[in-house]
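Below you'll find the structure, written out as structure tokens, and then a few comments.
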Amino acid sequence: MAKIIVVTSGKGGVGKTTSSAAISTGLALRGHKTVVIDFDVGLRNLDLIMGCERRVVYDFVNVINKEANLKQALIKDKRTEGLYILPASQTRDKEALTHEGVEAVLNELAEDFDYIICDSPAGIEQGAQMALYFAEEAIVVTNPEVSSVRDSDRILGILQSKSRLAEQGKSVKEHLLLTRYNPARVASAEMLSVADVEEILAIPLLGVIPESEAVLKASNQGAPVILDEESEAGQAYSDAVARLLGEDVEHRFLEQQKKGFLQRLLGGK
Amino acid sequence: MGILDYLLKKNKPASSASVAKERLQIIVAHERSTRGQPDYLPLMQQEILEVIRKYVDIEQDQVSVQLDTADDCSVLELNITLPERK
């Protein structure tokens, strides 16, 4: 039976799709058969981040409307064994997703996969609510910035009242993923710290992804940033995946890196 | 002044991160308190205010409507601060 995890945030542009791509790749790298679903109907982008945009034939809405079967719509990732992508429809609107349709697709996927990652659209409208409704766990992607933190709190409220588990009187397991973290700016008190955000949102911390040039580079190339093992962001995502699987891994990249004498002399980054 | 202030770290404005944290704590606490309330509550509050205004001159913030839910019992609390009689 698969575990359904939603990657959500309320606010747009905080790194939901980047995180969905990285985490699903990380789970597959560790041998768990994983499918990542783009719920952003009308504004599909996961395919670009995963580098499979030219292989999309059928999409999520086609499967719901029975215009194609799952096998035809699922795209097998070329880099990572055991990873599949279900792209969103680019042509329809979010109303195309129905509870019954989504549930049927998830049930069919659950027979075959260990993890189902739902990449939520921004906002708190139907599309976002559909993405989180069936989830057992939620990764709330947050930037250390006021509007993102407020929207994350809003989406936590929705998880606690409008998800299927909440309707059954149970609760969705929540994880905080803090992205675009800049330790230097935190050190000079220009940015909310991990501790500040944890205190306000009061949910367990899954990981902190430092602001990194590697993220743009990865999306330019269509390769999830977790595959860039040299980069801090890639390593931080690997740690987060390990924690998601229950391992106890210490948080890294929270402190500003001190420049060495030579580095300073040579003007290195 | 100048140097002394600097050394004593007086008149130093609060860091922007701490301002952000404080503002967030207030707005998040406020929004959590209204979470789960029925959608009609703000409108009802507005209408109650207008009825009272017909008779007494009061401001928006002098009326507070609070809905508390415990188990299967909900209590609607209406608090009106009447102005002093002149």
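Values computed for the structure shown
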| quantity | calculated |
| --- | --- |
| Candidate set: segment A:167-198, residues that are under 21 Å from the mean Cα position of the chain (by Cα), free of Cβ contacts under 8 Å to residues at least 40 places away in the same chain and not in a loop (DSSP other than H, G, I, E, B); chosen: the one surrounded by the most Cβ atoms within 10 Å (Cβ to Cβ) | A:LEU178 |
| Helices (runs of 4 or more DSSP H) wholly inside chain B that include at least 2 residues being at pLDDT below 80 and more than 28 Å from A:GLN160 (Cβ to Cβ) | B:3-8 |
| Selection count, segment A:107-130, where residues are part of a strand (DSSP E or B) and touching a His at 6+ places or on another chain (Cβ under 6 Å) | 1 |
| Residue list for segment A:131-156, filter: assigned to a helix (DSSP H, G or I) and open to solvent by less than 10 Å² (accessible area, probe 1.4 Å) | A:ALA131, A:LEU132, A:SER148, A:VAL149, A:SER152, A:ASP153, A:ILE155, A:LEU156 |
| Tabulated pairs, segment A:137-151, first closer than 17 Å to A:SER120 by Cβ, second open to solvent by 10 Å² or more (accessible area, probe 1.4 Å) and assigned to a strand (DSSP E or B), C-beta under 6 angstrom, 6+ apart or interchain | A:GLU137/A:LYS173; A:ALA138/A:GLU174; A:ILE139/A:HIS175; A:ASN143/A:ARG180 |
| Some residue of segment A:78-101 being free of Cβ contacts under 8 Å to residues at least 40 places away in the same chain, closer than 23 Å to A:VAL225 by Cα and either open to solvent by 10 Å² or more (accessible area, probe 1.4 Å) or outside any helix (DSSP H, G or I) (or both) | yes |
| Cross-chain or 6+ apart pairs with Cβ under 8 Å, segment B:26-45 first and within 11 Å of another protein chain (Cβ to nearest Cβ) and touching a residue at least 24 places away in the same chain (Cβ under 8 Å), then surrounded by 13 or more Cβ atoms within 10 Å (Cβ to Cβ) and hydroxyl-bearing (Ser, Thr, Tyr) | none |
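Condition check ((1) of a type outside the set (A, V, I, L, M); (2) under 23 Å from A:VAL241 (Cα atoms); (3) within 14 Å of chain B (Cβ to nearest Cβ)) across all residues:
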site: A:LEU109; (1), (2), (3): no, yes, no
site: A:ASP112; (1), (2), (3): yes, yes, no
site: A:ILE124; (1), (2), (3): no, no, yes
site: A:LEU132; (1), (2), (3): no, yes, no
site: A:ALA138; (1), (2), (3): no, yes, no
site: A:VAL141; (1), (2), (3): no, yes, no
site: A:SER152; (1), (2), (3): yes, yes, yes
site: A:LYS162; (1), (2), (3): yes, no, yes
site: A:GLN168; (1), (2), (3): yes, no, no
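The values are calculated or read from the model by the stated rules, or taken from the named source; none is laboratory data. Just so you know, these numbers come straight off a predicted model, no measurement behind them. Note that we place each Cβ from the backbone using ideal geometry, even for glycine, and neighbour counts take in every protein chain shown. Side chains included, ligands, DNA and RNA excluded: accessible areas come from the protein's heavy atoms. Shrake-Rupley method; radii C 1.70, N 1.55, O 1.52, S 1.80 Å.
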